[in-house]
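Novice: Questions regarding the structure given below will be posed in turn.
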Amino acid sequence: MNKTILFLLLICLPLCGMQAQISWPDGKKAAIVLTYDDGLKSQRDIVMPQLEAKNFRGTFFLYGQVVKDSDVPEWREASKRGHELGNHSLFHPCLAGTVETSSSSLCRSLECYSVKDMLTEIGMMNSFLYAIDGKKEHAYAYPCGQSVAGGEDYSQPLLDSGLVKYCRGAAGRHVVADAKTLNFALIPTLPAMTGCKAGDLIRYVQDALDKHGLGIIVFHGVGGDYLTVDAAEHQKLVDFLAAHSDEIWVGTFSEVLDYVAAQAKK
């Protein structure tokens, strides 16, 4: 083999397996998105004050069935303060046969939905959210992290429908380190489970820093409600992010994903 060609191959081969690092704005090394599901009271009472004290904003995925009339003014004000409201469907359908999703009655389980049914429900929830925050675009989070309705995966049909631009999944807890390979129909996240400690979450943030990547965390209850993370542990995470604000961008889900999508096109 020609020595010049061999030399070029030896240089190229290591590079071929490398990911293209995301170039974050303002010299940041990583981005972290804090998301909260189901529109719980503890999120308004505890989470929002903790975030706003550090000038952070979160993304709150609501589902229509649990949003009470009396909650609407609070969610509307939260949106005005810069928090993002996201689509979590109308009835939160999950697979009926799994323990963690047993709250789904048979008539509201994913086994009884078609892809068309699911898209219709998501479209209706978009309209509900528009009535709250006046915004025509909303991101989506799969209830229970499950994207199969009636035995069919609806993640790509949902993206193709134009109803949403970005869909937060549950599978794949890894940090997003390459914009060009990211599937915007199933964006990975780290679930903060009951009893989760700040140290576990901070290690995930550190992984995002090491990889110059994007980390997305999903919470439910904080200091109350269910699937609860202790309020003090959540505060420790927020404090860590604030202490490293020179290198970590804490943004809302759609805000950060808009940036990543633009990077993917370069």
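Novice: Take the residues of the stretch 53-80 that are surrounded by fewer than 15 Cβ atoms within 10 Å (Cβ to Cβ) and hydrophobic (A, V, I, L, M, F, W, C): which is nearest to ILE122 (Cα to Cα)?
Specialist: Among residues in the stretch 53-80 that are surrounded by fewer than 15 Cβ atoms within 10 Å (Cβ to Cβ) and hydrophobic (A, V, I, L, M, F, W, C), the one nearest to ILE122 (Cα to Cα) is VAL66.
Novice: Next question, about the same structure. Between ALA20, ALA96, ALA78, which is modelled with pLDDT of 95 or more and either in a strand (DSSP E or B) or not basic (Lys, Arg) (or both)?
Specialist: None of the others qualify; the one that does is ALA78.
Novice: Next question, about the same structure. Considering only the stretch 213-263, state which residues are of a type in the set (A, V, I, L, M) and on the phi > 0 side of the Ramachandran plot.
Specialist: The one that is of a type in the set (A, V, I, L, M) and on the phi > 0 side of the Ramachandran plot: LEU227.
Novice: Go through (1) part of a helix (DSSP H, G or I); (2) of a type outside the set (A, V, I, L, M); (3) touching a strand residue (DSSP E or B) at 6+ places or on another chain (Cβ under 6 Å) and name the single condition CYS196 misses.
Specialist: (1)
Novice: Please work out which residue is least open to solvent (accessible area, probe 1.4 Å), limiting yourself to the stretch 135-174 and to residues that are among the hydrophobic types (A, V, I, L, M, F, W, C), assigned to a loop (DSSP other than H, G, I, E, B) and at pLDDT below 95.
Specialist: ALA170
Novice: Can you pull out every residue in the stretch 40-52 that is touching a residue at least 40 places away in the same chain (Cβ under 8 Å) and open to solvent by less than 60 Å² (accessible area, probe 1.4 Å)?
Specialist: LEU40, SER42, GLN43, ILE46, VAL47, GLN50, LEU51, listed by residue number.
Novice: Failed condition for LEU257, given (1) of a type in the set (A, V, I, L, M, F, W, C); (2) more than 12 Å from the chain's Cα centre (by Cα); (3) in a helix (DSSP H, G or I), with all others met?
Specialist: (2)
Novice: Test of understanding: among VAL256, VAL229, VAL238, which residue is of a type outside the set (Ser, Thr, Tyr), without any contact (Cβ under 8 Å) to a residue 40 or more places away in the chain and open to solvent by less than 30 Å² (accessible area, probe 1.4 Å)?
Specialist: Sole residue among the options that is of a type outside the set (Ser, Thr, Tyr), without any contact (Cβ under 8 Å) to a residue 40 or more places away in the chain and open to solvent by less than 30 Å² (accessible area, probe 1.4 Å): VAL229.
Novice: If I go through the stretch 24-53 residue by residue, how many of them are farther than 26 Å from ASN87 by Cβ and of a type in the set (Lys, Arg)?
Specialist: 2
Novice: GLU137 passes all but one of (1) out of contact with any His (no Cβ under 8 Å at 6 or more places or on another chain); (2) under 27 Å from GLU77 (Cα atoms); (3) without any contact (Cβ under 8 Å) to a residue 60 or more places away in the chain; which number fails?
Specialist: Of (1) out of contact with any His (no Cβ under 8 Å at 6 or more places or on another chain); (2) under 27 Å from GLU77 (Cα atoms); (3) without any contact (Cβ under 8 Å) to a residue 60 or more places away in the chain, only one is false for GLU137: (3).
Novice: Tell me which residues, restricted to the stretch 209-240, are within 26 Å of ASN183 (Cβ to Cβ) and under 17 Å from the mean Cα position of the chain (by Cα).
Specialist: Across the stretch 209-240, the qualifying residues are GLY213, LEU214, GLY215, ILE216, ILE217, VAL218, PHE219, HIS220, LEU227.
Novice: So, one more: Before we move on, is GLY195 modelled with pLDDT of 95 or more and open to solvent by 10 Å² or more (accessible area, probe 1.4 Å)?
Specialist: No; evaluated as a whole, the condition is false for this residue.
Novice: Sticking with this one: Hey, among the residues in the stretch 242-253 that are over 17 Å from the mean Cα position of the chain (by Cα) and outside any loop (DSSP other than H, G, I, E, B), which one's surrounded by the fewest Cβ atoms within 10 Å (Cβ to Cβ)?
Specialist: Once the filter is applied, the top-ranked residue is ALA243.
The values are calculated or read from the model by the stated rules, or taken from the named source; none is laboratory data. If you're wondering where the values come from, they're calculated on a predicted model, not measured in any experiment. Note that we place each Cβ from the backbone using ideal geometry, even for glycine, and neighbour counts take in every protein chain shown. These area figures cover heavy atoms from the full protein model, side chains too; ligands, DNA and RNA do not enter into them. Shrake-Rupley method; radii C 1.70, N 1.55, O 1.52, S 1.80 Å.
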